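To start, the structure under review is shown below, and the notes come after it.
The values are calculated or read from the model by the stated rules, or taken from the named source; none is laboratory data. The model shown is predicted, which means the values in this text are computed figures rather than measured ones. Cβ: placed from backbone, ideal geometry, glycine included. Neighbour counts: every protein chain shown.
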Amino acid sequence: METVTFESIDAGFNPLDSVEELVAANQWTFDRVTDTQMVVDIQGRWCDYRLFFMWNEENSGMQFACQFDMKVPDARRPALNELLVSMNERLWLGHFDICSTEHTPLFRYTMLLRGVPMVSLEQLEDLVEIALSECERYFPAVQFVIWGGKTAEEAIAAAVLDTVGEA
């Protein structure tokens, strides 16, 4: 089956312009590396995080990554991969991964924006808030696996409390 596509996005649209507004409003340190890439440094509860925003006009997608400030030793990578699978099963949006070049854990999410005249600040706030919340939630489990020598099951059991219902 062949689909018909229409050019529906404004050629001047760049969601990183909106990201820059959000970053400036929060007084976060950032670098607009290129017209299509931005790097933001923020401090979390457990560690510092580096946020990456990458705009791809061709597919109208903005990829986002929140990178932990920690390296994964080669010997612990298989155990961490098991943990990431378990963590990803609990996520509604995005996924955790290991950066192949930096050997650091990170959270990734891609927003498809075809046909959208602009990305809202609320969408960007939600994106950053969800990523940071999930990174902070799972940081202790990642630490238990990398530096504590725990298995994925032990780390999840010790570090993550899944709540049910409302208080």
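Only a single criterion out of (1) farther than 27 Å from ASP17 by Cα; (2) in contact (Cβ under 8 Å) with a residue 40 or more places away in the chain is not satisfied by ARG114, namely (1). Does segment 150-166 contain at least one residue that is touching a Ser or Thr at 6+ places or on another chain (Cβ under 7 Å) and either modelled with pLDDT under 95 or not in a loop (DSSP other than H, G, I, E, B) (or both)? Checking segment 150-166: at least one residue is touching a Ser or Thr at 6+ places or on another chain (Cβ under 7 Å) and either modelled with pLDDT under 95 or not in a loop (DSSP other than H, G, I, E, B) (or both). When the residues of segment 137-158 are narrowed to those that are farther than 21 Å from HIS103 by Cβ and in contact (Cβ under 8 Å) with a residue 24 or more places away in the chain, which ends up surrounded by the fewest Cβ atoms within 10 Å (Cβ to Cβ)? Filtering segment 137-158 for residues that are farther than 21 Å from HIS103 by Cβ and in contact (Cβ under 8 Å) with a residue 24 or more places away in the chain, the one surrounded by the fewest Cβ atoms within 10 Å (Cβ to Cβ) comes out as GLU153. Filtered by the rule that a residue be free of Cβ contacts under 8 Å to residues at least 40 places away in the same chain and either exposed (fewer than 14 other Cβ atoms within 10 Å of the Cβ) or in a helix (DSSP H, G or I) (or both), segment 72-100 gives ASP74, ALA75, ARG77, PRO78, ASN81, LEU84, ASN88, GLU89, TRP92, LEU93, SER100. Restricting segment 101-121 to residues that are more than 19 Å from ILE146 (Cα to Cα) and surrounded by fewer than 16 Cβ atoms within 10 Å (Cβ to Cβ) leaves a set whose member that is modelled with the lowest pLDDT is PRO117. Here the condition is being among the basic types (Lys, Arg), within 17 Å of the chain's Cα centre (by Cα) and not in a helix (DSSP H, G or I); of ARG114, ARG108, it holds for ARG108 alone. Annotation note: of GLU20, GLU58, the sole residue that is in a loop (DSSP other than H, G, I, E, B) and either surrounded by 15 or more Cβ atoms within 10 Å (Cβ to Cβ) or not small (Gly, Ala, Ser) (or both) is GLU58.
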